[in-house]
Amino acid sequence: RAARTCLSVTATRNPTWFKVAANNGTHLTSEEAHTLLIGQLTALISTAAGRDHSIVTKPTIRKANLNTCRLPPAHYDAIITSPPYLTRLDYVKATLPELTLLAHLSSGINPTRLRETMMGSPLVGQHKPRSSANWGKTSLDLLQQIQTHQSKASSGYYLRFYLQYLNRLHRSLAHLLRAAGPKAKIAMVVQPSYYKELYIDLPLITCEMAENLGQLP
């Protein structure tokens, strides 16, 4: 809400993308951005007036890239996550107004870099990660079907995209499972999708990866 009240953004022909001018928001100071956020938070808090907040504790918020950062081992009792789906949705473009505002508050936020490194990014280079048997049979069968598919760029761009996604999913899952305590519960929001007519069972792929990582019975 704060982002879209202070930034002039326009939609593009892609309904999930926004266009932000190169100099848009440069007049906004960190203090002004902070004030906007506080105003929105105050409004949200006022709608919750009268509720019992006695059990609410102050959260600890940390930023981490699970592809490159290791969490403390056996540390967490519960993990809830919704990783990017395997749909080529450009999440950075879809949340560009919010990221543009956050960039005013933190020098560590770089939307361009985030778009290049996040799981599910439609940006793929010429590097093609190697598949692994540890990804599970469903992943390997899917990659074989994509590589031999008759559609244009199936064995090129699209194969690299799916290899990149599965590689990052496996690494992230390994870090999450390593960080989970012995009796921890993990909830992941994942959904199936399609490549052309090929059904992609992402929930099954995720379970097979976890089983091969030795964390599920």
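The values are calculated or read from the model by the stated rules, or taken from the named source; none is laboratory data. Source: prediction; values computed, not measured. Positions of Cβ are generated from backbone atoms using ideal geometry, with glycine treated the same way; all protein chains shown enter the neighbour counts. Quick note on the areas: whole protein, heavy atoms, side chains included, nothing else; ligands and nucleic acids left out. Shrake-Rupley method; radii C 1.70, N 1.55, O 1.52, S 1.80 Å.
State, in angstrom, two size descriptors of the stretch 32-144 derived from its alpha carbons: Rg to one decimal place and Dmax to the nearest whole number.
Using the Cα atoms of the stretch 32-144, the pair Rg, Dmax is 19.2, 57 Å.
Which semi-axis lengths, in whole Å and largest first, follow from the square roots of five times the eigenvalues of the Cα gyration tensor of the chain?
34, 26, 15
Give the cross-link partners of Lys183 among the aspartates and glutamates, using a straight C-alpha distance below 12 Å as the criterion and excluding same-chain residues fewer than 8 apart.
Straight-line reach from Lys183, under 12 Å: Asp77.
Just to make sure I understand: if all protein chains stay in place, what is the order of Lys128, Lys152, Lys93 by accessible area at 1.4 Å, largest first?
From most accessible down to least: Lys152, Lys128, Lys93.
Which one, His175, His149, Tyr195, projects farthest toward the positive side of the charge dipole computed for the chain from Cβ point charges (K/R +1, D/E -1)?
My answer, from the dipole projection, is His149.
Can you compute the charge dipole magnitude of the chain about its Cα centre, using +1 on each Lys and Arg Cβ and -1 on each Asp and Glu Cβ, nothing else charged? Give it in debye, rounded to the nearest 20.
360 debye
Whose amide H sits under 5 Å from the amide H of Ile186, counting only residues 5 or more places off or on another chain, with H placed in the peptide plane?
Ile79
Given the pairs Lys63/Lys137; Lys128/Lys185; Lys63/Lys128; Lys128/Lys196, which span a C-alpha to C-alpha distance of over 30 angstrom in this model?
In this structure, Lys63/Lys137; Lys128/Lys185 exceed 30 Å between Cα atoms.
How far apart, in nm, are two points set 7 Å out from the Cα along the Cα-to-Cβ line at Ser193 and at Glu31?
Simple spin-label model gives 4.4 nm for this pair.
Could you compute how fast the stretch 90-216 diffuses translationally, taking Rh as the Kirkwood radius over C-alpha pairs and applying Stokes-Einstein at 10 °C with viscosity 1.306 mPa s? Give it in µm² per second.
Translational diffusion coefficient: 98 µm²/s.
Cross-link partners among lysines for Lys93, C-alpha distance below 17 Å, same-chain residues fewer than 8 apart left out?
Within the straight-line limit of under 17 Å, Lys93 reaches these lysines: Lys19.
Rounded to the nearest 500, what is the 222 nm mean residue ellipticity of the chain from helices alone, with -39500 (n - 2.57) per DSSP H run of 4+ residues and division by all residues?
Helix-only estimate at 222 nm: -12000 deg cm²/dmol.
Tell me which DSSP H helices of the chain clear both cut-offs, 27 Å or more of axial length from alpha-carbon atoms and a mean Kyte-Doolittle hydropathy of at least -0.5.
TM-like helix candidates: 159-179.
What is the ratio of the Cα radius of gyration of the stretch 124-184 to 2.2 N^0.38 Å, with N the residue count, to two decimals?
That ratio works out to 1.33.
Gaussian network model of the chain, Cα springs within a sub-10 Å range: biggest mean-square fluctuation belongs to which of Ser131, Ser139, Ser46?
Residue with maximal mean-square fluctuation among Ser131, Ser139, Ser46: Ser46.
Counting only DSSP beta bridges with both residues in the chain, what percent are antiparallel, rounded to the nearest 5?
Here the share of antiparallel DSSP bridges comes out near 55 percent.
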